[in-house]
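Participant: My questions will all concern the structure given below.
The values are calculated or read from the model by the stated rules, or taken from the named source; none is laboratory data. None of the values given here were measured: they were computed from a predicted structure. Don't worry about glycine lacking a Cβ; one is built from the backbone with ideal geometry, like all the others, and counts go over all protein chains shown.
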Amino acid sequence: MNGTPVRAAVDNVITPLRVDTRNRRVQSTVELIHERESLEIIRAPRFSGFCGGVKRAWSIASRTRAGTEGPVYVSGELINNDPAMRDLESRGVSVLRVAEGETPPEGGTLIMRAHGEGPLTFERAQEFGLNVVDATCGIVRVVQQKAKNLEDQGYQVILYGHRNHPEAKATVAYTQRGMIIETLAEAEDLPRFGRIAALAQTTALLSEYERICKVLETKTNEFVNQGQVCAWTRMAQDEAEELAEQCTVMVVVGGRKSANTHRLVEVSALHVPSYLVETVEELDPSWFAADSVVGVTAGASTREQDVLDVMARIDEIGRTLGAPPPDPRTVES
């Protein structure tokens, strides 16, 4: 979706943030970024940027690196954000996928990623004598335990999510027969089961998960819905929709591999052209006009400075668009 607008509606009006991009200060206000007749920027006020689980994982990784002598590894990408991962790597935190056969050159500390890991990763870490620091999101850990318990109770566990997403893979790794489905069509093609328990990747779009559940109910005589979509994710999606209704274009800052970031683009795009950018360099001035009202939100794995940098660049673009054309008499031939 990056570089290509997609089109999206809301019921309520939110209180935007005023952002002084030149001084990099953010403060709550009912006003827009500038009181001038030119491009305006409104940031989603509450749910843009690091969620609680990501903030905790980032803090754990930073503290572990600062307070640990010797190698520090992370079991995969700590969070789905390439600029953030490059930052960690520059500070000496490297990725070590022990469940995929990678071995540490020496002992050290292994941080379990925010998306969670399956039992095999913990077992391999123990075999290698690594100190384990678990940064798994608390909500994800609850879903993992539900998957195991429900299968132990005789349910066929079916998780709605992305088949190759680390959270979804880690969750079904706690079962013997659990399966992941990605689409309504896959749900419709399933055979009947005696008992079905539905779960959801915590960053799933709730409306899509509910449609999946309606189909799964027809595939069994006993159905339980145990899905738990992260509250932050739901509220961020609602907030992005509300913001989109006030704007002429939306910019979502976040990692391209981040499922929750893509959901923000999708819900914003139901009303206005919406663009995903991972870094400030990806902004295209052609997306904006002198009178644009630009909404900005960010995925749950996006650092605050990345959001502020994007907003500062949009502001610079707006000043250029609002500038009068050069006097031809001052242009050298």
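Participant: Which of (1) crowded, with 22+ Cβ neighbours inside 10 Å; (2) over 26 Å from CYS51 (Cα atoms) does ASP152 not meet, given it meets every other one?
Facilitator: Of everything listed in (1) crowded, with 22+ Cβ neighbours inside 10 Å; (2) over 26 Å from CYS51 (Cα atoms), ASP152 misses just condition (1).
Participant: Something else now. In the stretch 249-301, what count of residues is obtained for those that are farther than 24 Å from ASP82 by Cα and among the small types (Gly, Ala, Ser)?
Facilitator: 4
Participant: Which fully enclosed strands (runs of 3 or more DSSP E) of the stretch 217-332 have 3 or more residues being β-branched (Val, Ile, Thr) and at pLDDT 95 or above?
Facilitator: Result: 249-253, 293-298.
Participant: Could you tell me which of the residues THR183, THR171 is surrounded by 21 or more Cβ atoms within 10 Å (Cβ to Cβ) and of a type in the set (S, T, N, Q)?
Facilitator: Step by step, each of THR183, THR171 is checked, and only THR171 is surrounded by 21 or more Cβ atoms within 10 Å (Cβ to Cβ) and of a type in the set (S, T, N, Q).
Participant: Under 7 Å by Cβ, and 6 or more places apart or on different chains, what pairs join a residue from the stretch 67-83 that is of a type in the set (A, V, I, L, M, F, W, C) with one that is in a loop (DSSP other than H, G, I, E, B)?
Facilitator: VAL72/GLY92; VAL72/GLY108; VAL74/ARG113; LEU78/ARG113; LEU78/ALA114; LEU78/ALA135; ILE79/ALA114; ILE79/SER301
Residues checked against (1) over 25 Å from LYS219 (Cα atoms); (2) surrounded by 20 or more Cβ atoms within 10 Å (Cβ to Cβ); (3) not polar (S, T, N, Q):
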site	(1), (2), (3)
ARG91	yes, no, yes
GLU100	yes, no, yes
ILE111	yes, yes, yes
ASN131	yes, no, no
ASP134	yes, no, yes
